[in-house]
Amino acid sequence: YPIDIVPTGEESLQHVGEVIILKNITTFKELDVAKTNFIATVSHELKTPIASIQMGLELLNHPKTGELSENQKKLMDGIKDDSERLLRITSELLNVSQVETGNIKLFAQWSNPMPVITYALQATQLQAKQKDIELVTELDEDLPKVFIDEEKTAWVLTNFITNAIRYSPEHSQIIVRLKRNLDKLVFSVQDHGKGIDSSYKNRVFDRYFQIPGSLRTGTGLGLSISKDFIENQGGSIYVDSTLGVGSTFSFAIPIHKVGA
Ligand code: ADP
């Protein structure tokens, strides 16, 4: 780094030399990999007990188990919300650790895009119902097959819809679209929620970024993982939003000719 003497009185700046700082960062890098692997293991291990908690809740909710009092129902709903949140955070941590260690494994194959929509709608319908939000679809017909990793693509769409629900008011509408635009298939989710200030639009896809004042239940990871998943498949991801009006999150997947 060039070093300049800070002028005292009338003296002008004088360049006296340079200092080069060399640091061996191997240990830090190793620690970083160890930390990321640790996160991957822990989040993977957490998935099973969370699934058991959710299964227990389903059983408790079953008519055969007996009637629950209003108070018990409220408590159950709270536990259910928390376990869903835990599952979301765990899946985000697992995905981010895979991305960081360069371990994103894509299982791409020629797929009909419709099951991606069906999966994401099924995964989010309960959350939407809890806020009386209507999920509407606008889907082009006769869409071609695309070369995608269905699971990861569905994860991204689910993440878009979950965010749309979280940042939308009750009784509003969310539109899920799948359209062909020239040589691309465009999946998009439009909400009528709080919208995003234009100065933050480019940053929402950054790792751990959360708009100041957003819901504290988030991690700031979902959209950055989504960007990795989509760009790794040769696609692009973007947002269009107006503060106070709503947001549309989209991703476009190239349509190649089968066998090309
Ligand atoms: P988080 O876990 O915080 O939701 P994300 O990566 O999914 O992390 O999103 C990053 C930030 O982008 C959020 O903290 C939120 O401020 C903003 N955001 C994401 N989706 C929406 C949306 N549909 N409407 C308004 N803001 C959104």
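The values are calculated or read from the model by the stated rules, or taken from the named source; none is laboratory data. Please read these numbers as outputs of a predicted model, since none were measured by experiment. Because the Cβ atoms are built from the backbone with ideal geometry, glycine has one as well, and the counts that use them run over all protein chains shown. In case anyone asks, the SASA skips ligands and DNA or RNA and just uses the protein heavy atoms, side chains included. Shrake-Rupley method; radii C 1.70, N 1.55, O 1.52, S 1.80 Å.
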* Under a straight-distance cross-link criterion of Cα-Cα below 17 Å, which lysines are reachable from Lys64, leaving out those fewer than 8 residues away in the same chain? -> Lys73
* For the range 93-175, what does the alpha-carbon gyration tensor say about shape, rounded, prolate or oblate, given a ≥ b ≥ c as the root eigenvalues, a/c under 1.5 as rounded, and a/b over b/c as prolate? -> oblate
* Asked: Could you give the length gained on full extension between Leu126 and Ser236, defined as 0.36 nm per residue of separation minus the Cα-Cα distance, in nm?
  -> 36.7 nm
* **Equivalent ellipsoid dimensions for the range 147-226 as semi-axes, Å, which come from the Cα gyration tensor, largest first** => 22, 16, 13
* Taking the DSSP beta bridges in the chain as the whole, what percent of them are antiparallel, to the nearest 5? -> 80 percent
* Roughly speaking, to the nearest percent, how much of the chain's 1.4 Å accessible area is carbon and sulfur? -> 55 percent
* Asked: Taking all pairs of different Cα atoms in the chain, averaging 1/r and flipping that mean, what Kirkwood radius in angstroms comes out?
  -> 21.4 Å
* Check: the chain dipole with +1 on Lys, Arg Cβ and -1 on Asp, Glu Cβ, in debye -> 540 debye
* Can you tell me the 0 to 90 degree angle between the C-alpha axis of helix 70-100 and the longest principal axis of the chain, rounded to 10? => 40 degrees
* Asked: For the range 221-227, what does the Karplus curve 6.51 cos²θ - 1.76 cosθ + 1.60, with θ = phi - 60°, yield as ³J(HN,Hα) per residue in whole Hz, taken in order and with x for Gly and Pro?
  -> 9, x, 6, 5, 5, 4, 4
* Asked: For the range 189-260, max minus min Cα coordinate along each principal axis, in Å, sorted largest first?
  -> 48, 24, 20
* Structure fact -> To the nearest 10 degrees, the tilt of helix 150-166 (Cα long axis) against the first principal axis of the alpha carbons of the chain is 90 degrees
* So how much slack lies between Asp32 and Leu59, counting 0.36 nm per residue of separation and subtracting their Cα-Cα distance, in nm? -> 5.6 nm
* Determine the dipole magnitude for the range 138-258: charges of +1 sit on the beta-carbon of Lys and Arg, -1 on that of Asp and Glu, nothing else is charged, the reference point is the Cα centre, and the result goes in debye to the nearest 20. => 300 debye
* Asked: To the nearest Å, what is the center-to-center distance of the range 141-198 and the range 228-242, using C-alpha atoms only?
  -> 11 Å
* By its C-alpha gyration tensor, with a ≥ b ≥ c as the square roots of the eigenvalues, how is the range 52-118 shaped: rounded for a/c under 1.5, else prolate for a/b larger than b/c, else oblate? -> prolate
* Asked: Going down the table (Lys80/Lys227; Lys47/Lys131; Lys179/Lys227; Lys47/Lys184), which pairs top 31 Å between alpha carbons?
  -> Lys47/Lys184
* Asked: Using only the Cα atoms of the range 7-109, what do you get for the radius of gyration and for Dmax, in Å?
  -> 26.3, 89
